[in-house]
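For reference, the structure is listed below as structure tokens.
The values are calculated or read from the model by the stated rules, or taken from the named source; none is laboratory data. Treat the numbers as computed from the prediction; the structure is a model and nothing was measured. Quick reminder, even Gly has a Cβ in these numbers, built from the backbone with ideal geometry, and neighbours come from all protein chains shown. Surface accessibility is based on the protein's heavy atoms, side chains included, excluding ligands, DNA and RNA. Shrake-Rupley method; radii C 1.70, N 1.55, O 1.52, S 1.80 Å.
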Amino acid sequence: AQFHDDRGETVREASYDPKLLAEGRCDLYPNDLQIVPWRETKMLLVPYYRVRNLVIAHRSNQSLGNEVSDLLGLTAAVQKGTGYEQWIDEANRGPLSSQPVRIVYAPTEQAVKLVADAKVDFTVLGSESALRWAREDPERLSIAFPVSEATSVGWGVARNAPDLARAL
């Protein structure tokens, strides 16, 4: 809902102030937002670290190697509308086009649970999240390998709040 317009929809191609910020219901989105161009049309994004995406697999998945081509024909669980889904879509059009990854859409926590329960082959997460999940469930989850280039991550504030952005 943090990117919804006044009709309750997220429209990537449109520039608008998200409803929660526009109505003053909040001043800050202090959750790790990947800074991507479409989000910059909705709010000021204040970068505070850079992250690479990591493939997280079930520890027993020994067949999973250490490069993108090893994902051919596998099934991933990712949250819809995220940079992780975008990375898989791009890989499916490129190096995985001969046997694209099948995607199961699930919120991040559920996606990780699907991997931990070996119901899907892998998920893709930012390094900070991936490290946390792998540490919390080391018997079932392991970090396979990094994918994608480093991305800036930050907090979002209303476009009419440049002083808050500078303070952050």
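The single condition among (1) in contact (Cβ under 8 Å) with a residue 40 or more places away in the chain; (2) under 21 Å from I35 (Cα atoms); (3) out of contact with any helix residue (DSSP H, G or I) (no Cβ under 7 Å at 6 or more places or on another chain) that R166 does not satisfy is (1). Scanning the stretch 132-154 for residues that are surrounded by 14 or more Cβ atoms within 10 Å (Cβ to Cβ) and out of contact with any helix residue (DSSP H, G or I) (no Cβ under 9 Å at 6 or more places or on another chain) turns up A134, S152, G154.
Residues in the stretch 109-131 that are open to solvent by less than 60 Å² (accessible area, probe 1.4 Å) and over 26 Å from P37 (Cα atoms): V112, L114, V115, A116, D117, V120, D121, F122.
Out of A91, A106, report the one residue that is out of contact with any Pro (no Cβ under 9 Å at 6 or more places or on another chain) and buried (at least 16 other Cβ atoms within 10 Å of the Cβ).
The unique qualifying residue is A106.
Each residue in the stretch 50-68 was checked for being open to solvent by 50 Å² or more (accessible area, probe 1.4 Å) and either without any contact (Cβ under 8 Å) to a residue 40 or more places away in the chain or among the polar types (S, T, N, Q) (or both), and 4 of them qualify.
Could you check, for the stretch 41-61, whether at least one of its residues is charged (D, E, K, R) and modelled with pLDDT of 95 or more? Among the residues of the stretch 41-61, at least one is charged (D, E, K, R) and modelled with pLDDT of 95 or more, which makes the answer yes. In this structure, S142 does not satisfy being farther than 15 Å from L64 by Cβ and outside any helix (DSSP H, G or I). Annotation: G8 fulfils all but one of (1) open to solvent by less than 30 Å² (accessible area, probe 1.4 Å); (2) on the phi > 0 side of the Ramachandran plot; the unmet one is (1). Scanning the stretch 69-86 for residues that are open to solvent by less than 30 Å² (accessible area, probe 1.4 Å) and over 11 Å from F122 (Cβ atoms) yields G73, G81, T82, G83, E85.
Cβ-Cβ contacts under 8 Å between residues 6 or more apart (or on different chains), taken from a first residue in the stretch 1-15 that is within 17 Å of R25 (Cα to Cα) and free of Cβ contacts under 8 Å to residues at least 40 places away in the same chain to a second residue that is aromatic (F, W, Y) and open to solvent by less than 90 Å² (accessible area, probe 1.4 Å), are listed as D5/Y16; D6/Y16.
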